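Report on the following structure.
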Amino acid sequence: MLGWALETALALLLSLMVLWLWPRLALPRLGQEQVWFCLGWFIALAVPAAGRALWPQPTYDPVHQLLRAGTCSAGALLLGFLFVILLLGGARLGNYKLWLGLTYLGGITLSLASLTLRLKSRLASRPHRGLLTSLVAAGISFAACLLVLPWVRPDLAAQWPPTVAALAAPLLAALLWGGISGLALMVMRLLAGRRRMAWFVYLAVGLGPGPALAVSWFTLLPLGLAFLALAGLASLNLLRRQERRAEPDPEQAPPLPFYWLLRTLMLTWWGVGAAVTLAVAWWYPRVDAMFTSVYWLRAVGLGAFLVICGGVLAEYSLPLLGRSRVFALGPNQKVAGVFCSCLALLAVLAPFLLLSPPSNPRLPKMFSERSRAVLLEQPVPLGPNNPEIELSTPTWLTGLTRIFVISLLDNAAQVKQGQSVAQLVATDDQGLPHIFLLRAGIDSAGWDLQKRSMATRAQHRPARLASTWRVYTAKGEAFRGHDYYSGLYLGRSIHRLQSVRLRYLYQNPPGRPPVTLVLQRIFVY
């Protein structure tokens, strides 16, 4: 393995390459991403090298036999150079920032794994130095928050140096989350008295989806209250345990119940954390909407619940059948434990085979394929410069029941849910008007609602989808554009329609680009 000095030199070289190359390539950028990712790669690669110098890992470490910290550091360094290679070929990658982000996420994951493995060795070798270990654990979680910051907060990555007001909130949230993680490790060691249980709690709190959510979604008030509560709990337990007993040797301590099950759930939690970080950075900047609408989170939750039920049943029923040593810990049972964890992990993912992703209602094919007549075939914008259009229907057309309007809204972030944008008046052969309102989020919606900048500001939801297409922006972002349909029921079969008139209704606030309703297609059925 590489020496810590060589690792630090390579980390500095790679960071400078990112800083120097990115602005000189013909690649679209938000602003000053090269500075943020340069610092991110330097922290991700240099901090594990410093940890290697301060806490050298023994050649044979009984705490973890399957993976070593040096291996994770070398893997993170290789991913760093892969990041540079992808950056050089970014012009041929199309959505190059997605590939760079995936590589960066893998690199910081391996870097954090290296640090946590060294921390675990220190926790096992020096069980009585709990305060220093908790401070180091808090520093690792704080570093995790800083490393994901340039990816999940592109508004910060667009400027360098960032303003104090923009950087203060996420930086304070990162500090609080690091403190919460370190205090969680200390409190669990004091309360539970088990090193493994405290370690599992720290991994779940400090290195799951928490860092990404802390700097992108959580507010400072609940983070501060949680920090104060854990600090008070840790202080009370420290005062009560002034004469603490030595922690039992892990080889002599009784095995932790459900260890194989906890390990499986921890791997699942880390996978959810990586997926949530990716989704927050790219597709779901509104995290609350992600947790309520993303189907894969429900699938993982269902699978984890089934695995927990099966694991608890196995742990309590097998001893009754004389099989109490099936899930026991020890060197001879390590392969069996890993095998059980892999089977449980597959069981967690099994509900993906049973669930189909939900989607917005789409235009039924029978209406578009069997339309009686098309009144509008080419897109026509309806706005302040073109407030009204009138369409005529063929004289031979009889027996109509519905009018379908396929449309989309442009510059519509400020339009509220259910707000009327236009009015459609269909006049029949007896001169009776049939009046309909086209409302945002019901009959039409913004075509770019999945774009990150739009999703954070839009005040209405998508309507019923008519069609979808892929859009690549000059900034390296990819999203799906939509147009929407509204089926307006005339109430009865109309003998003949004289005309169809559409009138623009929305009152645009001064100083903003006008909202435009683009009529894509209008047909009758």
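Could you please give the count of residues in segment 380-424 that are in contact with a helix residue (DSSP H, G or I) (Cβ under 7 Å, 6 or more places away or on another chain) and not in a loop (DSSP other than H, G, I, E, B)?
Of the residues in segment 380-424, 1 are in contact with a helix residue (DSSP H, G or I) (Cβ under 7 Å, 6 or more places away or on another chain) and not in a loop (DSSP other than H, G, I, E, B).
Reported count of residues in segment 1-29, each being at pLDDT below 75 and of a type in the set (Phe, Trp, Tyr), is 1. Residues in segment 18-34 that are in a helix (DSSP H, G or I), touching a residue at least 60 places away in the same chain (Cβ under 8 Å) and surrounded by fewer than 19 Cβ atoms within 10 Å (Cβ to Cβ): Leu21 only.
Ala455 falls short of the stated requirement of being hydrophobic (A, V, I, L, M, F, W, C), closer than 19 Å to Leu519 by Cα and either in contact with a Leu (Cβ under 7 Å, 6 or more places away or on another chain) or modelled with pLDDT under 85 (or both). For segment 75-104, a tally of residues being buried (at least 19 other Cβ atoms within 10 Å of the Cβ), within 30 Å of Tyr202 (Cβ to Cβ) and not hydroxyl-bearing (Ser, Thr, Tyr) returns 7.
Scanning segment 147-196 for residues that are surrounded by fewer than 20 Cβ atoms within 10 Å (Cβ to Cβ) and aromatic (Phe, Trp, Tyr) yields a total of 1. Among the residues of segment 419-442, just one is over 18 Å from Phe404 (Cβ atoms), surrounded by fewer than 18 Cβ atoms within 10 Å (Cβ to Cβ) and under 40 Å from the mean Cα position of the chain (by Cα), namely Ser420. Does Gln450 satisfy the condition of being modelled with pLDDT under 85 and in contact with a Pro (Cβ under 9 Å, 6 or more places away or on another chain)? Answer is yes for this residue.
Checked across segment 429-439, the condition of being over 19 Å from Pro381 (Cβ atoms), among the small types (Gly, Ala, Ser) and either in contact with a helix residue (DSSP H, G or I) (Cβ under 9 Å, 6 or more places away or on another chain) or not in a helix (DSSP H, G or I) (or both) holds for at least one residue. Among the residues of segment 417-436, those identified as closer than 13 Å to Ala463 by Cβ and of a type outside the set (Gly, Ala, Ser) are Gln417, Gln419, Val421.
On the given criteria, is Trp177 at pLDDT below 80, of a type in the set (A, V, I, L, M, F, W, C) and closer than 26 Å to Glu33 by Cα? In short, no. If you go through segment 143-164 and keep only what is among the aliphatic types (A, V, I, L, M) and in a helix (DSSP H, G or I), you end up with Ala143, Ala144, Leu146, Leu147, Val148, Leu149, Val152, Leu156, Ala157, Val164. Return the only residue of Gly273, Gly210, Gly206 being surrounded by 15 or more Cβ atoms within 10 Å (Cβ to Cβ), modelled with pLDDT under 75, within 18 Å of the chain's Cα centre (by Cα) and closer than 25 Å to Tyr104 by Cα. Matching residue, one of Gly273, Gly210, Gly206: Gly273. Here Ala173 fits the description: in a helix (DSSP H, G or I), among the hydrophobic types (A, V, I, L, M, F, W, C) and farther than 20 Å from Leu262 by Cβ.
The values are calculated or read from the model by the stated rules, or taken from the named source; none is laboratory data. Computed from a predicted model, the values in this text were never measured in an experiment. All Cβ positions, even for glycine, are placed from backbone atoms using ideal geometry, and neighbour counts span all protein chains on display.
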